[in-house]
1. Once the principal axes of the Cα atoms of region 111-164 are found, what is the range along each, listed largest first in whole angstroms?
2. Arranged from highest to lowest average of other beta-carbon atoms within 10 Å per residue, in what order do the peptides 39-52, 109-122 appear?
3. Can you check what the Kirkwood hydrodynamic radius comes to for region 12-56, Cα pairs only, in Å to one decimal?
4. Counting each pair of different Cα atoms once, what's the Kirkwood radius of region 18-163 in Å, rounded to one decimal?
Amino acid sequence: MEPGSASQFVPQEPQPTFITKAFITALADVRILVGAAAIVLPLPTASLFGLPIASASRGIGQFYGARELAIGGLLFASYNSYMKSTKEDGIPLKATREATNATMVERKEALKNVLWTCLLVDALDLGCIAVSAFRGEIGMRALWMGGGAGVAGAVFAASALRAL
């Protein structure tokens, strides 16, 4: 057979481990869920994290929700795209090795870029929480809930990045 034949074996990139899949899926799901909740119900969502938001400032909670929903949706879409490119019932998605490898590399890089964005956003959130706590502007509940969520998000994103 000729080298570029469609029936030629195309090596598959190793699949992510179960824990990596779980971290990425949990990170995407939580961001989508919290984002949607903050858009629809900004005041109860803010109080869940111990953040007092006045009724007149509900737009700030909705902006936060839009950010989380967008990042979670992008992470979900890029993860699904990457998983479809790495394996689909053992049949390569493209006819040639070069095209298949290029597609897998591009999708993996897209997933890594979204995970880096998640890590950056969580690091910035943690910085804002630290500054607010230092100034005495937030209570202990907001510090623990917001800080805990930020640390969990950063750990999940960093763990997934390291595994990819």
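1. Here the spans come out as 39, 14, 11 Å, largest first.
2. Values: 39-52: 16.6, 109-122: 18.2.
My ranking of the peptides, most packed first, is 109-122, 39-52.
3. Details: mean 1/r = 0.0795 Å⁻¹.
This gives a value of 12.6 Å.
4. Values: mean 1/r = 0.0605 Å⁻¹.
Its Kirkwood hydrodynamic radius stands at 16.5 Å.
Coordinate-derived values only; no laboratory data. Note that the structure is predicted; figures quoted are calculated from it, not measured. All Cβ positions, even for glycine, are placed from backbone atoms using ideal geometry, and neighbour counts span all protein chains on display.
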